[in-house]
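Working notes for the structure below.
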2 protein chains.
Amino acid sequence: MRRIALIVVSVTVTAVAGAAAYMESASGQSNGDAAPIYGVKLPEGYRDWRLISVKRLTGKQLTGSGKELKQLRAELGNDLAIKAYRDGTLPFPDGAIIAALHWDEDSSDSDNQALAAGFPGLGLESTFAGSAVNAQFMVKDSKKYAASGGWGFADFTKGKPGDEALHAKCFPCHAPAKDRDYVFTRYAPTPGTE
Amino acid sequence: MRRIALIVVSVTVTAVAGAAAYMESASGQSNGDAAPIYGVKLPEGYRDWRLISVKRLTGKQLTGSGKELKQLRAELGNDLAIKAYRDGTLPFPDGAIIAALHWDEDSSDSDNQALAAGFPGLGLESTFAGSAVNAQFMVKDSKKYAASGGWGFADFTKGKPGDEALHAKCFPCHAPAKDRDYVFTRYAPTPGTE
């Protein structure tokens, strides 16, 4: 069921400092562009990783955009990350990857009409993941990324990495979560069972 | 990595009409209580199923609760459901199961302080999946559940099914989505790639 992707070790020469060395040893990563600073490429199959938690981000009007920011988000983990979360292992082991998938928050009049008909008087309104925005990744490699808490950071939109200025903000912004190995997101409980 | 669960075919005698026949053929379901009307039990391993989409539900004050409803939600699918979504297969094939995991929406002052420090002036605020509320399931069996569009419905909170009155609302409430095989949730695109 999972997409089988041909792993091709890229020999593309890149102008992004530091990326080339990492790309040579790339495994489980797509044959696309590498993010600046950390050289992280889009991991294969991250859309199918298991769920860590769900989040929402809101904000005031953003530069260059006429609307307020409203995003629904999913945090997914590869097998090593999920196991570390469940076992309470800190720091995360090398190879752990956490993916944050971000969508515009959208709604549907017909969905909300169905809710109003089914549950009258409760004022229920639903929103859902609409257009894809971007995805961000934290890749654990305690040696390669020793200068940033053992994590490499990456941001991608439609297959293309964000710029160096954006990536330079990742680690300092995560510093307040140092006691959780720089990871803000906690593993969500299991509704229905817990 | 996935939890291996012993599948025990339950021979529990139940007073819920229609549940006994289904329980005899149960597979991949926990050895717990069955939901009324449809006899669906908690599926094994649903916390690890792949992500369909993310949702949010809000509402006015609810009976018996002093606060407004704010939930973050994840829709997960078993392999058959995910394949059907990706292939655009309608109706969903027998055996497909869709799980909706519901959490109270929670926030953290320290998380928001980190966002404010990292992105000053944007007014960013984050929320995340807090306490588990309940999980709901749609189980496709076109013969067994012919009277309800081929779907059996179930609601569980801390391992216990909701009451019959709640389950009686499931199918009529999903009727407006008849042209999508009674499923409201659409498969979310892949941020980072799409």
Item checked: Subset tally (residues that are within 7 Å of chain B (Cβ to nearest Cβ) and among the acidic types (D, E)) for segment A:171-190 -> 0
Next item on the list: Return only the number of the condition from (1) assigned to a helix (DSSP H, G or I); (2) in contact with a strand residue (DSSP E or B) (Cβ under 8 Å, 6 or more places away or on another chain) that B:G192 does not satisfy.
Entry: (1)
Check: What tally of residues in segment A:69-95 results from selecting those that are of a type in the set (K, R) and under 15 Å from the mean Cα position of the chain (by Cα)?
Finding: 1
Margin query: touching a residue at least 24 places away in the same chain (Cβ under 8 Å), out of contact with any Asp or Glu (no Cβ under 6 Å at 6 or more places or on another chain), over 14 Å from A:V133 (Cα atoms) and not hydrophobic (A, V, I, L, M, F, W, C): which single residue out of A:D111, A:D48, A:D104, A:D87 fits that description?
Written below: A:D48
Check: Does B:A168 satisfy being in contact (Cβ under 8 Å) with a residue 24 or more places away in the chain, out of contact with any helix residue (DSSP H, G or I) (no Cβ under 8 Å at 6 or more places or on another chain), buried (at least 20 other Cβ atoms within 10 Å of the Cβ) and under 28 Å from B:L80 (Cβ atoms)?
Finding: no
Margin query: Suppose we filter segment B:115-133 for residues that are within 24 Å of B:G162 (Cα to Cα) and surrounded by fewer than 19 Cβ atoms within 10 Å (Cβ to Cβ); how many remain?
Written below: 1
Margin query: Looking for something touching a strand residue (DSSP E or B) at 6+ places or on another chain (Cβ under 6 Å) and either among the polar types (S, T, N, Q) or surrounded by fewer than 13 Cβ atoms within 10 Å (Cβ to Cβ) (or both) - is there at least one such residue anywhere in segment B:139-154?
Written below: no
Note to self: Just to be sure I understand the filter: pairs with C-beta atoms under 9 Å, separated by 6 or more residues or on different chains, first member in segment B:117-143 and without any contact (Cβ under 8 Å) to a residue 24 or more places away in the chain and hydroxyl-bearing (S, T, Y), second member part of a strand (DSSP E or B) and open to solvent by 40 Å² or more (accessible area, probe 1.4 Å). Which pairs pass?
What the structure shows: B:S126/A:R73
Notebook entry, point to check: Which residue pairs have Cβ atoms under 8 Å apart, sit 6 or more places apart or on different chains, and have a first residue in segment B:171-193 that is of a type outside the set (S, T, Y) and a second that is modelled with pLDDT under 95 and open to solvent by 60 Å² or more (accessible area, probe 1.4 Å)?
Noted result: B:C173/A:A117; B:C173/A:F119; B:P176/A:S110; B:P176/A:Q113; B:P176/A:A117
Margin query: I need the full set of residues from segment B:68-91 which are open to solvent by 40 Å² or more (accessible area, probe 1.4 Å) and not β-branched (V, I, T), in order please.
Written below: B:E68, B:K70, B:R73, B:D79, B:L80, B:K83, B:R86, B:D87, B:G88, B:L90, B:P91
Notebook entry, point to check: Where in segment A:56-168 are the strands (runs of 3 or more DSSP E), entirely inside, with at least 1 residues that are of a type in the set (V, I, T) and at the interface with another protein chain (Cβ under 9 Å from one of its Cβ atoms)?
Noted result: A:125-140, A:151-157
Notebook entry, point to check: Among the candidates B:A81, B:A154, B:A168, which residue alone is modelled with pLDDT of 95 or more and more than 23 Å from A:V54 (Cβ to Cβ)?
Noted result: B:A168
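The values are calculated or read from the model by the stated rules, or taken from the named source; none is laboratory data. What you see is a predicted model, and the numbers here were worked out from it, not measured in a lab. Ideal geometry is used to build each Cβ from the backbone, glycine not excepted, and the neighbour counts take in all protein chains shown. Side chains included, ligands, DNA and RNA excluded: accessible areas come from the protein's heavy atoms. Shrake-Rupley method; radii C 1.70, N 1.55, O 1.52, S 1.80 Å.
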